[in-house]
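Single-structure report; data block below.
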Amino acid sequence: MAAHSAVLSVSKIINPFWGGRLGNTVKVFGTTLTSHRNKTQLTGENIPPPAKYGGRHTVTLIPGDGIGPELLNHVREVFRFSCVPVDFEVVHVNSALETEEDINNAITAIRRNGVALKGNIETKHTMPPSVKSRNNLLRTSLDLYANVMHCQSLPGVQTRHQNIDIMIIRENTEGEYSSLEHENVPGVVESLKIITRNNSLRIAEYAFRLAREKGRRRVTAVHKANIMKLGDGLFLQCCREVASGYPDITFDSMIVDNTTMQLVSKPQQFDVMVMPNLYGNVVSNVCAGLVGGPGLVPGANYGRDYAVFETATRNTGKSIAEKNIANPTAMLLAGCMMLDHLKLHDYASSIRNAVFTTMNENRLHTADLGGQGTTSEVVQSVMRIIQSKGQLTAEL
Amino acid sequence: MDIAPIRWEERNVTAIKGPGGRWMIPPDAKESMDRSKIGLKGPLKTPIAAGHPSMNLLLRKTFDLYANVRPCISIEGYKTPYTDVNLVTIRENTEGEYSGIEHVIVDGVVQSIKLITENASRRIAEYAFEYARNNQRSSVTAVHKANIMRMSDGLFLRKCREVAENYKDVKFTEMYLDTVCLNMVQDPTQFDVLVMPNLYGDILSDLCAGLIGGLGVTPSGNIGANGVAIFESVHGTAPDIAGMDLANPTALLLSAVMMLRHMGLHDYGNKIQTACFDTIRDKKVLTKDLGGNSKCSEFTADICRRVQDLD
């Protein structure tokens, strides 16, 4: 494992000078080490290499609804400008249709390409209850079991709390989002929350491995096992089992209502948090709000074979759609996470640095952060900074 | 000096085993409650190996306490990162995710059932709108996750919408749970009355309590069928400081104020609340958890003095 990462870091230093000749050597060297692939870095490497033809990757792009299409257009604009070797295969999903053809096409495209970048697909209330959330279908069909979100306080953003650095790992496929509901007696609806040992062990394992990889000291499991003794009790038990295999990482647990209370008073105490689906929804939204809002944090959904990137809080933002006021930061950072996943680290760093410079140094903020900038102004600033760093770019 | 017109009847509610082997609260407690309809309760602890279900659960079932009401108002002297919080969470307290129905389907697969019924949803929605009307609150927001739990939260939402039709003077909005959480930590002033099923209510009411300073200063009321209402503080029993005159009585005092308002004794309620807030704002006699080192009795004496001065 050490040898593999050493090879990668050497290639980063040598590549710019040798322009590609040594790059080939590195690639050959890299493939002979693939037997370690499954045991190395978690945030993407145990997934088979994504579609790549002629040195260019193909990534599925699902525009979604609300602000999704415009933000993803900006991402493509920035990628095209920075000459990122990624081609997007755009698949539209019409949320107004009752059939599942659209979403199945999208799922097939993601299976084909291995990686996707998506906006949120709206779930209309006027549809009958049999029409399930498209986003949920996508996550469960592709078995994207881990939702990872990293909340960090940014120096350029004014918030009530500072020095927040929390990684949230949320089980993404079961729990309360099983979509199993029935009405046995008229007026009485039962909704099933499923917790399984396998999935709980899997997500706990993911959390601890990620914590170790990122050098984190503590993992907190969030639950409500005092009330849901069997369900959340099983989840907690699985976390404890996995924790015993990682003696270097402290493990503790906290009840979800206490967690939210602690988050709004002392969020600095949390390091890595792992939890089932619904609590993950609550905690990730609280944390996103604490660091500055839904426009700032990117999220990633990892499965064994696929990875899908989106904004962390999954909002459609219908009320601000097409007004050029949405914050493109979250989607741009999600694009960078995707580039890291595709091992295009240089491009990822350059775009990420440009986004952070715009946010923290230039202080060009959109309305959600209290500024007056428009989406296009922020994107233009990002592209200008990328160009100023001297890399190969297209025309501005 | 004006004394609040309350006569106290103390009752012990430690569970006993009734005829037929079912656990219940002592019959004289139940009878007293049925008669007076209003109760004030301190924290109850269920011993782990007691053999009977949680005491709070028992009380809830006995009196059908279907609504848990928690007003969260920023306390001027007790600084938190959030100022100007003024909202009320109304939580359905009998069903939902806390129905307690769980099964092990096969080894390693557990199913918990979340129950949503038309009656309970309608009842809590009606209470929420009544509360909004009686307390001059301008809007009620239903919190749900009907995009994922289409049928269950969908039913809850439908009932809220139906009830909203009868209360046109109160604004009705609906918002996803995640959006509420996101907005709550950024700008809690946008919320007024929130109504929601059991689990979301549990999480959100504690979140809001955290915004104003924690469970030590948050009042709570439980409304039951047949006009029964029990007001309580929601913090723990704190056995380590019990009996040492160190505890902070604010939560219980504010719950008592809620009780007075519920009974229509707004005058007394307002006086005691003002006195309490003034004492905290003054910062001269605060208990340890509020940052001072006075005793509970000193804190209370200060409040009493201020109440007398206000007369």
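Observations on the structure shown:
- For the pair B:ILE38 and A:GLU241, a Förster radius of 35 Å applied to the C-beta separation gives a FRET efficiency near 0.10, rounded to the nearest 0.05.
- Computed over chain A, Kirkwood Rh from alpha-carbon pairs, angstrom: 22.1 Å
- Karplus-based coupling profile of the stretch A:188-197, in residue order and whole Hz: 10, 10, 10, 10, 9, 10, 10, 10, 10, 5, with θ = phi - 60° in 6.51 cos²θ - 1.76 cosθ + 1.60 and x standing for Gly or Pro.
- Inter-chain Cβ neighbour average for residues A:222-234, partner chain, 10 Å: 4
- Stokes-Einstein translational diffusion, chain B - Kirkwood Rh over all Cα pairs, 1.567 mPa s, 4 °C, in µm²/s: 62 µm²/s
- Mean Cβ neighbour count within 10 Å, used as a protection proxy, ranking B:192-203, A:176-187 highest first: B:192-203, A:176-187
- Coupling constants for the stretch A:120-130 follow from the phi torsions by the Karplus curve (6.51 cos²θ - 1.76 cosθ + 1.60, θ = phi - 60°), and in residue order they are 7, 9, 6, 10, 7, 6, 6, 6, x, x, 6 Hz; glycine and proline get x.
- When A:ARG111, B:ARG7, B:ARG70 are arranged by Cβ crowding within 10 Å, least crowded first, meaning fewest neighbours, the order is B:ARG7, A:ARG111, B:ARG70.
- FRET efficiency, B:LYS79 to B:ASP169 (Cβ-Cβ, R0 35 Å, nearest 0.05): 0.50
- Sum of -39500 (n - 2.57) over DSSP H runs of 4+, divided by residues of chain B (222 nm, nearest 500): -12500 deg cm²/dmol
- For A:VAL59, the residues whose amide H sits under 5 Å from its own are A:ASP87, A:PHE88, A:GLU89, ignoring neighbours fewer than 5 places away on the same chain, with H placed 1.01 Å from N.
- Relative protection proxy for A:369-380, B:300-311, from highest mean packing down: A:369-380, B:300-311 (other beta-carbon atoms within 10 angstrom).
- Radius 15 Å from Cβ of B:ASP192, net charge of other residues (Lys, Arg +1; Asp, Glu -1): -1
- Note on the protein assembly as shown: antiparallel DSSP beta bridges, both residues inside, total approximately 55 percent of the bridges counted.
- Of all beta bridges that DSSP places with both ends in the stretch A:160-291, some 25 percent have antiparallel geometry.
- Around the amide H of B:PHE172, modelled in the peptide plane, lie the amide H atoms of B:VAL140, all under 5 Å away and 5 or more residues distant in sequence or on another chain.
- Inter-chain neighbour count for B:206-214: the average number of beta-carbon atoms from partner chains within 10 Å of each residue's beta-carbon is 5.
- Spatially, the stretch A:340-373 and the stretch B:234-289 are offset by 48 Å when compared through their Cα centroids.
- FRET efficiency, 1/(1 + (r/R0)^6) with R0 22 Å, evaluated for A:ASP305 and A:GLU101 via beta carbons: 0.45
- Remark: relative contact order (the stretch B:61-108) = 40 percent; criterion is Cα-Cα distance under 8 angstrom and separation of 6 or more residues.
- The stretch B:162-311: projected area of the alpha-carbon convex hull, averaged over directions, in nm²: 11.6 nm²
- The spread of Cα positions in the protein assembly as shown, taken along each principal axis and listed from longest to shortest, comes to 92, 55, 54 Å.
- The stretch between A:ARG384 and A:ARG112, if pulled fully straight at 0.36 nm per residue, gains 94.5 nm over its current Cα-Cα span.
- Inter-chain Cβ neighbour count for B:100-110, averaged per residue, equals 5 (cutoff 10 Å, partner chain atoms only).
- The stretch B:32-309 - share of DSSP beta bridges that are antiparallel (%, nearest 5): 55 percent
- For chain A, relative contact order (Cα pairs under 8 Å, six or more residues apart, normalised by length) works out to 19 percent.
- Residue order, fewest to most surrounding Cβ atoms within 10 angstrom, among A:LYS343, A:LYS389: A:LYS389, A:LYS343
- Stretching A:LYS266 away from A:THR250 to a fully extended chain increases their span by 3.9 nm, per 0.36 nm per residue minus the current alpha-carbon distance.
Quick note: the coordinates plus some simple rules give every number you see, no bench work behind them. The shown structure was predicted, so the numbers you read here are calculated from the model rather than taken from an experiment. Note: ideal-geometry Cβ built from the backbone for every residue, glycine included; neighbour counts use all protein chains shown.
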